[in-house]
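The values are calculated or read from the model by the stated rules, or taken from the named source; none is laboratory data. As the structure is a prediction and not an experimental result, all values here were calculated from the model. As a convention, Cβ positions derive from the backbone with ideal geometry for all residues, glycine included, and neighbour counts pool all protein chains shown. Quick note on the areas: whole protein, heavy atoms, side chains included, nothing else; ligands and nucleic acids left out. Shrake-Rupley method; radii C 1.70, N 1.55, O 1.52, S 1.80 Å.
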Amino acid sequence: MTSIAARRPFWQRLFFAVPVFGWILKDYHEGQDANIWYHIITVVSLWLISGLTFGIVGIAIPAVMAVPVMFTLLILISRG
């Protein structure tokens, strides 16, 4: 296990060390391809539970928070 971790670049080892998101991405990177679908289903389920718990605000706030991420992605795509 340590030989695999030693071969990774520093940025990848640092990114995979982040507690929640790094573990998920490491599992997707080294595991099966179906893991990304499990993650997507989990995120959508949590969003729906938030909507059931807090109402329309629980649905709207995550969508509004995703706007800067989408703008950044659109800018990066348009730059080439």
Only one of (1) modelled with pLDDT under 90; (2) closer than 23 Å to residue 16 by Cα does not apply to residue 72, and that is (1)
Checked pairs for region 35-51, first under 19 Å from residue 64 (Cα atoms), second open to solvent by 70 Å² or more (accessible area, probe 1.4 Å) and not polar (S, T, N, Q), C-beta under 6 Å and 6 or more apart or across chains, list as 51/59
Residues in region 21-79 that are among the basic types (Lys, Arg) and surrounded by fewer than 11 Cβ atoms within 10 Å (Cβ to Cβ) total 1
